[in-house]
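Just below is one structure, and these are the notes that go with it.
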Amino acid sequence: MKNLILGFVFIIFSTFSISAQNGEAKKIDEFGELNCEEILLRSDFLLNELNKNSASIAYIVFYEGKHSQYFYNKKTKKSDSKLVNPRRGEARNKAESIILYLTKWQKLSKEKLVLINGGYRESYGVELWIARKSKEQPKPTPDLQEKDIKFRKGKAPKVRDCNSFM
């Protein structure tokens, strides 16, 4: 059973690499709110895919939207979360933490990374794509317009250097 699962994973990863080598943009991951450990894991996966083909570049598409805010509930004495409206620029800063990790700690050239504002969705999200530089970049798929988003007041949190937490 273990060999079957490993074989399946190998086929999936090979498909991603072959697709990027052929030049067509291929989505390799999509996620929402993550902790730093998960961001580093997903970033390392993206780096691994980039290293398979030196002619490929990564596209990081981010979507502004509601996200989870964690807090300590004094009444129940437990951690809890709720969805909150974003601050302007918050999604960009979260996506830029991936670029910071890959360029600062993994020494990847900034020319291999393209950040794309995908627009607005109900919830914050990021898509990771691989393609050849000469090919068309991925098309964002927002499901809301800016008028449908309510922003919180205040400045967006700074870009997190997740590697410094580890």
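A few points about this structure:
- Dipole of the stretch 2-165, positive end: most advanced residue of Thr76, Tyr124, Leu144 [Cβ charges, Cα centre]: Thr76
- When both bridge partners sit in the stretch 2-165, DSSP labels roughly 75% of those beta bridges antiparallel.
- Basic side chains Lys and Arg get +1 at the Cβ, acidic Asp and Glu get -1 at the Cβ, and with that the dipole of the stretch 2-165 about its Cα centre reaches some 700 debye.
Each value in this text was obtained by applying a stated rule to the coordinates, not by laboratory testing. Every value quoted in this text rests on a predicted model; they were computed, and no experiment measured them. So basically every Cβ, Gly included, is an ideal-geometry build from the backbone, and we count neighbours across all protein chains shown.
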